[in-house]
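Undergrad: The structure follows.
The values are calculated or read from the model by the stated rules, or taken from the named source; none is laboratory data. Predicted model, so just to flag it, every value in this text is computed and none were measured. Glycine gets a Cβ as well: all are built from the backbone with ideal geometry, and neighbour counts include every protein chain shown. In case anyone asks, the SASA skips ligands and DNA or RNA and just uses the protein heavy atoms, side chains included. Shrake-Rupley method; radii C 1.70, N 1.55, O 1.52, S 1.80 Å.
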Amino acid sequence: MESLQAFWDMGGYGHFVWPAYGVVAVVLIGLFVESRRSLKSAEAELAALAPSKAEDTDDET
Amino acid sequence: MFHRFANPARFLRFAAVIQPWIAGLTVLLFAVGLYLGLLASPADYQQGETVRMMYVHVPSAWMALFCYTGMAISCGVALIWKHPLADLAAKATAPVGASFTFLALVTGSLWGKPMWGAWWVWDARLTSMLVLFFLYLGYMALNNAFDDPGRGSKASSILALVGFVNVPIIKFSVDWWNTLHQPASVVKMGGPAIHASILSPLLVMGVAFTTYYLWVLLIRIRREVTANKVRALQMRQASRGEQ
Amino acid sequence: MNGFLAIVRRDLRLAFRQGLDSLMVVAFFVIAVVLFPFGVGPQPNTLARIAPGVIWVAALLASMLSLERLFQTDYEDGSLELLALQPVALEITVMAKVTVHWLTTGLPLIVAAPLLGVLMNLPEDGYMPLMIALTLGTPTLSLIGAIGAALILGSRRGGILLSLLVLPLYIPVLIFGVSAVDVVIGGFSAKPQLLILSGLLVGALPLCPWAGAAAVRQGLE
């Protein structure tokens with residue numbers, strides 16, 4: 001328990017170290033989620049436009 | 001090799017094969033990197049525990065430059081050989097690179113507070129990162145400023161190349177300006193000597209950031225390819241409607 | 001060369017007919033600098049300390065202000081396409097446009113700068129390097145700006161976009177321009193700074209018209 005406390009405290013610099021890791025995590029995960037979501041919505045749009053042959057159109061572009 | 005991936009369809013098939021591997025590798029590398037960086041490595045004798053911020057700050061800064069280089073190369077390839085995927089790769093890289101630059105700035109600022117006693121110091125590296133951030137913003141703004149996406153990508157490609165030529169000049173002038181205005185006693189970011197205990201988590205995190213970039217890049221290129229298809233289909237349907 | 005001079009003459013005539021544009025740029029330059037004593041207080045020492053930087057930043061902004069129109073009017077009335085079709089290389093045309101931009105904005109700024117030096121209590125030693133640095137720096141600003149002006153042709157939000165594109169690229173000129181004045185006031189020689197400013201100009205002279213012409217070409221497609 002005590003070592004967890006020390007780990008969290010980071011030698012007194014915990015409130016600089018953890019926000020740094022936090023903001024990196026938020027931005028990287030956020031960017032990933034946003035990229036993925038926009039891919040899915042583009043794919044959904046494509047499927048709506050060409051319901052049956054969404055795969056066939058691959059070679060035309 | 002070069003033109004093998006020019007065909008978006010072939011690229012999509014290739015991406016589908018490689019993406020799970022990159023995803024797995026990214027997760028694994030982040031797990032190892034975080035373990036090494038937060039638990040297994042000792043605190044630095046000079047910087048204490050704040051050295052742990054280096055493990056996210058330095059890779060972010062690396063990737064900020066790496067992405068800009070990659071973007072400029074893709075833009076050059078797109079302009080000279082009209083390679084369709086290079087264009088999409090450049091467009092897909094920009095937001096990722098801008099995010100890394102932003103992270104380098106924020107983590108640098110968080111590192112600077114205990115080290116320099118201020119959230120922002122006009123340190124040469126931080127200042128260069130800030131300018132790089134503006135270059136990314138300019139690229140993305142120009143890319144989105146046209147009704148015709150083809151125009152946007154061409155104009156922003158030229159801008160990326162102009163910016164790329166300017167990056168060393170800006171870096172040089174910022175360094176010059178910095179040495180004029182700052183006492184030499186200020187701790188330089190990154191420290192003078194990189195210890196072996198710092199090096200291994202740093203490298204692992206650096207590779208993790210790179211594979212993360214590749215992962216997101218694949219997703220974003222797939223998105224661009226799909227969006228282009230949607231646009232082409234819509235145009236076709238619209239022209240069919242007019243007849 | 002003849003084609004170059006013909007375009008310069010044509011654009012200069014157009015600029016003089018509109019007349020006020022150059023004056024507006026100078027007026028902006030003066031007003032922007034005059035704002036600073038209100039912002040930081042009128043103490044002569046403070047003003048003298050920031051004078052080179054303030055004058056340079058204002059010159060940068062003033063030079064940028066008129067960039068949007070560099071190709072825009074010709075683009076809108078279609079004469080840019082005619083210019084591109086002429087036997088004269090587009091690079092020469094761009095160079096001519098840059099020359100006119102410098103003659104109508106850079107040059108008036110250089111002429112107005114000593115007056116602002118007086119208002120900002122610039123130390124006497126600073127005038128010479130300020131003039132020389134502006135003479136070497138403002139053409140570079142026009143050259144770099146031409147690329148930006150060509151890139152935004154036909155875009156949705158021209159002016160603000162232009163500042164985002166161009167200002168980061170202006171930073172080296174600003175740094176060495178200000179530094180040239182500062183070191184002379186501090187009692188040193190400004191030779192390295194002025195050499196670097198010349199180097200930037202010499203580098204920009206062939207590269208910028210080339211890139212600008214490429215940008216105009218894709219804008220006309």
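Undergrad: When the chain is fully extended, how far beyond the present Cα-Cα distance does C:L82 get from C:R69, taking 0.36 nm per residue of separation?
TA: This chain segment gains 2.9 nm when fully extended.
Undergrad: Any of B:K154/B:K229; B:K91/B:K229; B:K82/C:K97; B:K171/C:K191; B:K91/C:K97 with alpha carbons more than 23 Å apart? Name them for me. Intermediate results must be reported in sequence, preceding the final value.
TA: Values: B:K154/B:K229 19 Å; B:K91/B:K229 16 Å; B:K82/C:K97 29 Å; B:K171/C:K191 21 Å; B:K91/C:K97 31 Å.
Going by Cα-Cα distance, B:K82/C:K97; B:K91/C:K97 fall outside the 23 Å limit.
Undergrad: Follow-up question, since we're still on this one. If you count, for each residue, the other Cβ atoms within 10 Å and average over each peptide, how do A:28-40, B:69-81 line up from highest to lowest?
TA: Averaged packing, sorted descending, gives the order B:69-81, A:28-40.
Undergrad: Right, next: Please report, ordered by residue number, every helix of chain C (full DSSP H runs) that is 18 Å or longer along its axis going by C-alpha atoms and whose mean Kyte-Doolittle hydropathy reaches 0.0.
TA: Values: long enough: C:2-18 (24 Å, 0.02); C:20-40 (30 Å, 2.45); C:44-65 (30 Å, 1.34); C:107-119 (19 Å, 2.45); C:127-151 (35 Å, 1.55); C:158-185 (39 Å, 2.27); C:191-220 (42 Å, 1.04).
Going by DSSP H runs, the hits are C:2-18, C:20-40, C:44-65, C:107-119, C:127-151, C:158-185, C:191-220.
Undergrad: While we're on this one: Please give the residues of region C:1-28, grouped as numeric ranges, whose backbone N is less than 18 Å from a label point set 7 Å along the Cα-to-Cβ vector of C:A89.
TA: Answer for region C:1-28: C:1-8.
Undergrad: If you take the accessible area of C alone, add that of B alone, and subtract the area of the pair, what total do you get in Å², probe 1.4 Å, to the nearest 100?
TA: Answer for the C-B pair: about 2400 Å² buried.
Undergrad: For chain B, with a Gaussian network of springs between Cα atoms less than 10 Å apart, report the residue from B:D123, B:D147, B:D87 with the top mean-square fluctuation.
TA: In this elastic network of chain B, the residue with the biggest mean-square fluctuation among B:D123, B:D147, B:D87 is B:D147.
Undergrad: Let me ask another. Other chains' Cβ within 10 Å of A:34-43 residues: what's the mean?
TA: 6
Undergrad: Still on this structure, I have one more. From the square roots a ≥ b ≥ c of the eigenvalues of the alpha-carbon gyration tensor of the protein assembly as shown, which class results: rounded (a/c under 1.5), prolate (a/b over b/c), or oblate?
TA: Numbers: a/c = 2.48, a/b = 1.14, b/c = 2.17.
Cα axes put the protein assembly as shown in the oblate bin.
Undergrad: Now for a separate question. Mind pulling the angle between the C-alpha long axis of helix B:54-81 and the longest principal axis of chain B? Nearest 10 degrees, somewhere in 0 to 90.
TA: 30
Undergrad: Return the distance in nm (one decimal) between the two label points of a simple spin-label model at B:W116 and A:A25, each offset 7 Å from Cα along Cα→Cβ.
TA: Between B:W116 and A:A25, the label points sit 2.7 nm apart.
Undergrad: Take every Cα pair under 8 Å in chain B that's 6+ residues apart, average their separations, divide by the length, and report that relative contact order as a whole percent.
TA: After rounding, I find 32 percent.
Undergrad: Compute the helix-to-body angle for B:149-181: its Cα long axis versus the longest principal axis of chain B, expressed 0 to 90° and rounded to tens.
TA: 10
Undergrad: What quantity of accessible surface, computed with a 1.4 Å probe and excluding non-protein components, is buried in total between chains A and B, in Å² to the nearest 100?
TA: 3500
Undergrad: Here's another thing I want to ask about it. For peptide B:158-166, what's the mean number of Cβ atoms from other chains within 10 Å of each residue's Cβ?
TA: The mean count of partner-chain Cβ atoms within 10 Å per residue comes to 5.
Undergrad: Could you state the number of Å between the C-alpha centres of region C:124-150 and region B:62-121?
TA: Each part's Cα centre sits 29 Å from the other's.
Undergrad: Taking beta carbons within 10 Å but only from partner chains, what does the mean come to for residues B:142-154? Display every interim value, and only then the final one.
TA: Details: counts 8, 0, 4, 11, 6, 3, 2, 0, 2, 6, 2, 1, 7.
Across B:142-154, the average partner-chain Cβ count within 10 Å equals 4.
Undergrad: Another question, then. Restricting the calculation to Cα positions, tell me the Rg (one decimal) and the Dmax (whole number) of chain C in Å.
TA: 17.8, 58
Undergrad: In addition: How large are Rg and Dmax for chain B when only the alpha carbon atoms are used, in Å?
TA: Gyration radius and largest Cα-Cα distance of chain B: 20.7, 76 Å.
Undergrad: Okay, next question. Could you order peptides C:57-63, B:50-56, C:110-116 by the average number of other Cβ atoms within 10 Å of their residues, highest first?
TA: Highest-to-lowest ranking by the protection proxy: B:50-56, C:57-63, C:110-116.
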